[in-house]
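Asks: Below is one structure. I have some questions about it.
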Protein chains: 2
Amino acid sequence: MMEAASSGANSAALIGKFVVIGAGLIGGSLAKGLRLRGQCREVIAVVRRAETAEAALAEGVADRAVLDIADVAAELGANDVVFIAVPTLAVEPVLAQLKSLLSPTVVITDGASVKGSVAAAARRVYGCLPPQLVLGHPIAGSEKSGVTAANPDLYVDHRVILTPTDETSPEHLQTVRNMWLSVGAEVLDMPIDEHDQVLGATSHLPHAIAYSLVDTLAHDIDSPNIFRYAAGGFRDFTRIASSDPVMWHDIMKANSAQVVRSLDQFMDNLARMRQAIADGDGEYLLDTFTRAKKARDKYTQAAVKSSKS
Amino acid sequence: MMEAASSGANSAALIGKFVVIGAGLIGGSLAKGLRLRGQCREVIAVVRRAETAEAALAEGVADRAVLDIADVAAELGANDVVFIAVPTLAVEPVLAQLKSLLSPTVVITDGASVKGSVAAAARRVYGCLPPQLVLGHPIAGSEKSGVTAANPDLYVDHRVILTPTDETSPEHLQTVRNMWLSVGAEVLDMPIDEHDQVLGATSHLPHAIAYSLVDTLAHDIDSPNIFRYAAGGFRDFTRIASSDPVMWHDIMKANSAQVVRSLDQFMDNLARMRQAIADGDGEYLLDTFTRAKKARDKYTQAAVKSSKS
């Protein structure tokens, strides 16, 4: 176990001990955000490698860092929070370990990008959705990853979707909601299925497209030249293809049914556009481009309004 | 004809009279950039509507604004430049008008995003590629459009591709090169076919994809909700779908063979990825995502290095 020189302890803290399992961008940013705002008495990072533990302390992400949740589980009780911030498919083995170690009074929450697969994993491990488990998803990605990318203001004005069910403890849900609010996020509730459908269309589908586009161009015989002359719009368009491959491998597998459904709709639409380009069907192209521009401009205005309100 | 109150005239100017046909983002930005830097004796905007003429003067885009090139053609001679900055498919009627009006000593250049179709139009109009015609393409798009979007620094550190042929006058080519350099651009030469292939892959293909994605989501029964919960990555990814629909209609028609070729390669790759997601083929997904991230990170580093050198 390692300890940081200075602590963000605060007697009026919202949370007792905050334990983050996985100190990458998502977990590290929440830990650092709570710690710097004095929102918990102690932040404990659980990481896999000693170097990451050292980095977590050096970056001010945690007060303590351990390599096994078993080292600190016995200390945890009411008002303490465990945040599982590992890739989506790695949540199940973590839950399996937590089941035997944690008191039911400890809040467990997560940040995985797919909620149906995590709920299914919890049901396999616990036989039900335990009341202490509050599933959530902060919508604040970045092409950066790792503990050094931790940003205490990552969640300011960003949305966090919580997906409580009838089984979820209202008190634990409130603790998780207040935790996210305290780092500046806007918190919304949504059914699990709706979350996976909406994120499948607006996040998982665009990532699949961006990875596939960059991969297509990288295969081109002329690829150095192609990338050399790419315009600024291309850089924005493909930014999400620089996201963490392991994280996105997990998301695509965990939400495969929704992603395939969204991909099929998109591929149908794109095939129609391809035919219109091949046929020189200017009316189809102008109509589609105009409709798409209108939809996006409207969405962008709504998003700006929402972030100001 | 209208005249601006103040003029950017400079006795050491690079160019005599600079005539811009079409005062939108591309034409207006070059006009304003040359004018504010004192790189021409006079800037004349040729626009279709009186309101645009007034706006061009009010925005400092031009010293004079007229509604017909015929009003100023007789004044033009050696060292004067006419810049055709209209949508790609509107270049041909402009060339047809210029042929009978302009002295062969006047430099004619353009900013259309497709070069093969403009060269073909010139051959139809002139029976050859006239030596005075220097085809070019500034790679500096934006989702903004119109004369009020004119930005005198739009081209600073941006690439401009010129596509001279054996017919092109070396002196006129040099004038156009110097003109772009004087507003801060990096100027490169490329064969016409290569330009259309590279831009088809890195610009036209991504625009087709972005328009199609936004259109697909806008058709979804849940579309208000879908756009409401879209993450920040989605905004970057779809920015290019807010581009001018008429401009992009023209580009897709003008470069249809290359765009269809690029779309077919992309759709093959995406269909393979869809199958891997449906089959749970984690190895394929992880390999592809890793390869794509590596390619994009490498491209981004190269682009940063190039913009610093």
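The values are calculated or read from the model by the stated rules, or taken from the named source; none is laboratory data. In this text the structure is predicted, and so the values were computed from the model without any measurement. Don't worry about glycine lacking a Cβ; one is built from the backbone with ideal geometry, like all the others, and counts go over all protein chains shown.
Asks: If residue A:216 satisfies every condition in (1) in contact (Cβ under 8 Å) with a residue 12 or more places away in the chain; (2) of a type outside the set (D, E, K, R); (3) within 7 Å of chain B (Cβ to nearest Cβ) but one, which is the exception?
Replies: (1)
Asks: Looking at B:273, B:247, B:267, which one is at pLDDT below 95, of a type outside the set (Phe, Trp, Tyr) and either at negative phi or assigned by TED's automatic domain parsing to the domain that holds residue B:22 (or both)?
Replies: B:247
Asks: Exactly one of (1) surrounded by fewer than 24 Cβ atoms within 10 Å (Cβ to Cβ); (2) in a helix (DSSP H, G or I) is unmet by residue B:217. Its number?
Replies: Only one criterion in (1) surrounded by fewer than 24 Cβ atoms within 10 Å (Cβ to Cβ); (2) in a helix (DSSP H, G or I) is unmet by residue B:217, namely (1).
Asks: Out of the range A:244-286, which residues are of a type in the set (Ser, Thr, Tyr), within 29 Å of the chain's Cα centre (by Cα) and more than 7 Å from every other protein chain (Cβ to nearest Cβ)?
Replies: Restricting attention to the range A:244-286, the residues satisfying the condition of being of a type in the set (Ser, Thr, Tyr) are A:256, A:262, A:284.
Next, only the ones that are within 29 Å of the chain's Cα centre (by Cα) stay: A:256, A:262.
Residue satisfying the conditions is A:262 alone.
Asks: Do you know which residues across the range A:106-121 are buried (at least 24 other Cβ atoms within 10 Å of the Cβ), among the aliphatic types (A, V, I, L, M) and not in a loop (DSSP other than H, G, I, E, B)?
Replies: Correct list: A:107, A:108, A:118.
Asks: Limited to the range B:79-105, what total is found for residues that are surrounded by fewer than 19 Cβ atoms within 10 Å (Cβ to Cβ) and either part of a helix (DSSP H, G or I) or free of Cβ contacts under 8 Å to residues at least 40 places away in the same chain (or both)?
Replies: 11
Asks: Just to be sure before I move on: is residue B:262 in contact (Cβ under 8 Å) with a residue 60 or more places away in the chain and either outside any helix (DSSP H, G or I) or among the hydroxyl-bearing types (Ser, Thr, Tyr) (or both) in the structure I sent?
Replies: So residue B:262 fits the description; yes.
Asks: Of everything in the range B:292-309 that's closer than 14 Å to residue A:207 by Cα and of a type in the set (Lys, Arg), which residue is modelled with the lowest pLDDT? Explain how you work it out, then say what you get.
Replies: Of the residues in the range B:292-309, the ones closer than 14 Å to residue A:207 by Cα are B:292-293, B:296.
If we keep only those that are of a type in the set (Lys, Arg) as well, we get B:293, B:296.
Values: B:293: 94, B:296: 89.
Looking at residues that are closer than 14 Å to residue A:207 by Cα and of a type in the set (Lys, Arg), I get B:296.
Asks: Please state which one of B:73, B:65 is free of Cβ contacts under 8 Å to residues at least 40 places away in the same chain and buried (at least 16 other Cβ atoms within 10 Å of the Cβ).
Replies: Of the residues listed, the single one that is free of Cβ contacts under 8 Å to residues at least 40 places away in the same chain and buried (at least 16 other Cβ atoms within 10 Å of the Cβ) is B:73.
Asks: Return the residues of the range A:225-238 that are over 12 Å from residue B:239 (Cα atoms) and modelled with pLDDT of 85 or more; say none if nothing qualifies.
Replies: Filtering the range A:225-238 down to residues over 12 Å from residue B:239 (Cα atoms) leaves A:225-231.
Passing the criteria: none in range.
Asks: Condition check: free of Cβ contacts under 8 Å to residues at least 60 places away in the same chain, touching a strand residue (DSSP E or B) at 6+ places or on another chain (Cβ under 7 Å) and more than 30 Å from residue B:209 (Cβ to Cβ). Does residue A:168 satisfy that?
Replies: yes
Asks: Among the residues of the range A:33-62, count how many are surrounded by fewer than 19 Cβ atoms within 10 Å (Cβ to Cβ), among the charged types (D, E, K, R) and not in a loop (DSSP other than H, G, I, E, B).
Replies: So the count comes out to 2.
Asks: Do we have any residue at all in the range A:136-147 that's over 22 Å from residue A:194 (Cβ atoms) and free of Cβ contacts under 8 Å to residues at least 24 places away in the same chain? Even if it seems obvious, please write down each step before you answer.
Replies: In the first step, residues of the range A:136-147 are kept if they are over 22 Å from residue A:194 (Cβ atoms); the result is A:142-147.
Filter once more, so that each one left must be free of Cβ contacts under 8 Å to residues at least 24 places away in the same chain: none.
No, that holds for no residue.
Asks: I'm checking my understanding of the structure. Among residues of the range B:182-203 that are more than 9 Å from chain A (Cβ to nearest Cβ) and in a helix (DSSP H, G or I), which one is surrounded by the fewest Cβ atoms within 10 Å (Cβ to Cβ)?
Replies: B:193
Asks: May I ask you to list the residues in the range B:125-171 that are more than 24 Å from residue B:97 (Cβ to Cβ) and of a type in the set (Phe, Trp, Tyr)?
Replies: Scanning the range B:125-171 gives a single hit, B:155.
Asks: Within the range B:230-250, is even one residue without any contact (Cβ under 8 Å) to a residue 12 or more places away in the chain, part of a helix (DSSP H, G or I) and aliphatic (A, V, I, L, M)?
Replies: Within the range B:230-250 (the criterion being without any contact (Cβ under 8 Å) to a residue 12 or more places away in the chain, part of a helix (DSSP H, G or I) and aliphatic (A, V, I, L, M)), the answer is no, since none of the residues qualifies.
Asks: Among the numbered criteria (1) closer than 28 Å to residue B:155 by Cβ; (2) of a type in the set (Asp, Glu); (3) without any contact (Cβ under 8 Å) to a residue 60 or more places away in the chain, which single criterion is violated by residue B:193?
Replies: The single condition residue B:193 does not satisfy is (3).
Asks: So which residues in the range B:163-181 are under 18 Å from the mean Cα position of the chain (by Cα) and in a loop (DSSP other than H, G, I, E, B)?
Replies: Listed by number, the residues that qualify are B:163, B:164.
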